[in-house]
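Peer 1: Next up is a structure, given as structure tokens.
The values are calculated or read from the model by the stated rules, or taken from the named source; none is laboratory data. The model shown is predicted, which means the values in this text are computed figures rather than measured ones. Every residue, glycine among them, receives a Cβ derived from its backbone with ideal geometry; neighbour counts consider all protein chains shown.
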Amino acid sequence: MGDSTKGVLAMAAACTIWGLSPLFYALLSHIPPMEVLAHRTLWSLVIFAGILALQGRLAELPAALSTRRRFLLVALSTAMISVNWFLFIYAVGVGRTVEASLGYYIYPLVAVAIGAVVLREGLGALQAVAVALAAGAVLILTVGLGAPPWISLTLATTFGVYGLLKRWVTAGPVVSVTSEVLLFLPLALGYLIWLASEGGLNLSPGDMALFVASGPMTAVPLILFSYAAKRVRMATVGLIQYLNPSLQFAVAVLILNEVITVWHMIAFPVIWAALTLYSVATLRGPRRAAS
């Protein structure tokens, strides 16, 4: 099995976990999002560090942050994924998982635009139309709802930039994500210590069990994503990625019983049409290259 195929399978597995994750975080919706994020960071680091310890690779962590360029790349990646995590937790907690799913629908097209502008990957006519349709869908929601879908736009942009940055990080998948969580740990611990001093850490055993479970829930798909990002073109990453929002959308509507407005009913088909064009363009690319 080639590296590209392994990357595709890893990406599909990561997206399935992410797509079903609203079911998990809905169980923590009674807890402030920042507290959930802080615990998620702490327990993720336990998993990541444990994996590296079992592999005898903890000594590789300093090297991942050893130069100014490496530190800056990891710091920027940390900022992108932390904002992404927080907004997703927030969206699920306040019943806006549909808006979160829209963000991850937009993300593949953001990945195309990033690939074209930054990596000079070719942007064909169909892909250009797909990006334009996505912009039109955002405009429809902005006019219809009276405000831009900021959760959707921020989720799409932060994850798109995160995927780009991962291509430039020289460390392996486990080391790179461990270094990201490690950089965010002081903020997470500082917040939890402050919360404890204010008497705000009265958690039930069930809540603590969920927080511990958030470690592997976070670690496994991130490692898979990091593995895939180094082996698959940005356009292909974007194509597979919308397995995630499809599952999120289904969970939001069928299980979490979120309300869909008429403007969402107009915008989502526009996005799906854009993704259809994008898929056609992406699938045509390899055939043309082979001919």
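Peer 1: Can you tell me which of Ala113, Ala132, Ala137 is part of a helix (DSSP H, G or I) and surrounded by 24 or more Cβ atoms within 10 Å (Cβ to Cβ)?
Peer 2: Result of the check over Ala113, Ala132, Ala137: Ala137.
Peer 1: What is the residue count in the stretch 147-165 for residues that are outside any helix (DSSP H, G or I) and either modelled with pLDDT under 85 or surrounded by 20 or more Cβ atoms within 10 Å (Cβ to Cβ) (or both)?
Peer 2: So in the stretch 147-165, the residues outside any helix (DSSP H, G or I) come out as 147-149.
Filter once more, so that each one left must be either modelled with pLDDT under 85 or surrounded by 20 or more Cβ atoms within 10 Å (Cβ to Cβ) (or both): 147, 149.
Here the count works out to 2.
Peer 1: Which of the residues belonging to the stretch 50-98 are of a type in the set (Gly, Ala, Ser) and part of a loop (DSSP other than H, G, I, E, B)?
Peer 2: Applying the first criterion (of a type in the set (Gly, Ala, Ser)) to the stretch 50-98 yields 50, 53, 56, 59, 63-64, 66, 75, 77, 79, 82, 91, 93, 95.
Passing the criteria: Gly56, Ala59, Ser66, Gly95.
Peer 1: Same structure, new question: Does any residue in the stretch 1-26 that is more than 17 Å from Val253 (Cβ to Cβ) come within less than 8 Å, Cβ to Cβ, of a residue that is among the hydrophobic types (A, V, I, L, M, F, W, C) and outside any helix (DSSP H, G or I) six or more places away or on a different chain, and which pairs are these?
Peer 2: Ser4/Val232; Gly7/Val232; Val8/Val232; Met11/Val232
Peer 1: While we're looking at this one, here's another question. Taking the condition modelled with pLDDT of 90 or more and over 26 Å from Ala171 (Cα atoms), does Tyr105 pass? Before the answer, list the steps.
Peer 2: Numbers: modelled with pLDDT of 90 or more: no; over 26 Å from Ala171 (Cα atoms): yes.
No, not satisfied.
Peer 1: Taking the stretch 179-223 as the search range and keeping residues that are of a type in the set (S, T, N, Q) and modelled with pLDDT of 90 or more, which one is farthest from the chain's Cα centre (by Cα)?
Peer 2: Keep residues of the stretch 179-223 that are of a type in the set (S, T, N, Q), which gives 179, 197, 202, 204, 214, 218.
Adding the requirement that they be modelled with pLDDT of 90 or more leaves 179, 214.
On the way: Ser179: 17, Ser214: 15 Å.
For the stretch 179-223, the residue satisfying everything is Ser179.
Peer 1: On to the next question. For Leu133, are the conditions met, namely being touching a residue at least 40 places away in the same chain (Cβ under 8 Å), closer than 24 Å to Ser246 by Cα and not aromatic (Phe, Trp, Tyr)? Before you say what the answer is, go through the steps one by one.
Peer 2: Values: touching a residue at least 40 places away in the same chain (Cβ under 8 Å): yes; closer than 24 Å to Ser246 by Cα: yes; not aromatic (Phe, Trp, Tyr): yes.
Yes: the conditions hold for Leu133.
To keep it simple, each residue is scored yes or no on (1) modelled with pLDDT under 90; (2) buried (at least 21 other Cβ atoms within 10 Å of the Cβ); (3) touching a strand residue (DSSP E or B) at 6+ places or on another chain (Cβ under 9 Å); (4) not in a helix (DSSP H, G or I).
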{"residue": "Phe225", "(1), (2), (3), (4)": "yes, yes, no, no"}
{"residue": "Asn257", "(1), (2), (3), (4)": "no, no, no, yes"}
{"residue": "Ala274", "(1), (2), (3), (4)": "yes, yes, no, no"}
{"residue": "Ala289", "(1), (2), (3), (4)": "yes, no, no, no"}
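Conditions tested, residue by residue: (1) touching a residue at least 60 places away in the same chain (Cβ under 8 Å); (2) more than 23 Å from Val117 (Cα to Cα).
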site: Ala147; (1), (2): no, yes
site: Trp168; (1), (2): yes, no
site: Phe184; (1), (2): yes, yes
site: Ala188; (1), (2): yes, yes
site: Ile193; (1), (2): no, yes
site: Met208; (1), (2): no, yes
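Peer 1: Taking the stretch 168-209, which residues are more than 28 Å from Leu9 (Cβ to Cβ) and buried (at least 21 other Cβ atoms within 10 Å of the Cβ)?
Peer 2: Phe184, Ala188
Peer 1: Assuming Ile106 fulfils every condition listed in (1) closer than 23 Å to Ser214 by Cα; (2) touching a Ser or Thr at 6+ places or on another chain (Cβ under 7 Å) apart from one, which condition is it?
Peer 2: Just one mismatch for Ile106, condition (1).
Peer 1: Only one residue in Thr78, Thr41 is polar (S, T, N, Q) and within 15 Å of Gly215 (Cβ to Cβ). Which one? Even if it seems obvious, please write down each step before you answer.
Peer 2: Working: Thr78 fails: within 15 Å of Gly215 (Cβ to Cβ).
Answer to the check: Thr41.
Peer 1: So for the stretch 200-223 (the condition being in a helix (DSSP H, G or I), closer than 30 Å to Val129 by Cα and among the aromatic types (Phe, Trp, Tyr)), does at least one residue qualify? Explain how you work it out, then say what you get.
Peer 2: We begin by selecting, within the stretch 200-223, every residue in a helix (DSSP H, G or I); these are 205-223.
In the following step, the residues that additionally are closer than 30 Å to Val129 by Cα were identified as none.
No, the stretch 200-223 contains no residue that is in a helix (DSSP H, G or I), closer than 30 Å to Val129 by Cα and among the aromatic types (Phe, Trp, Tyr).
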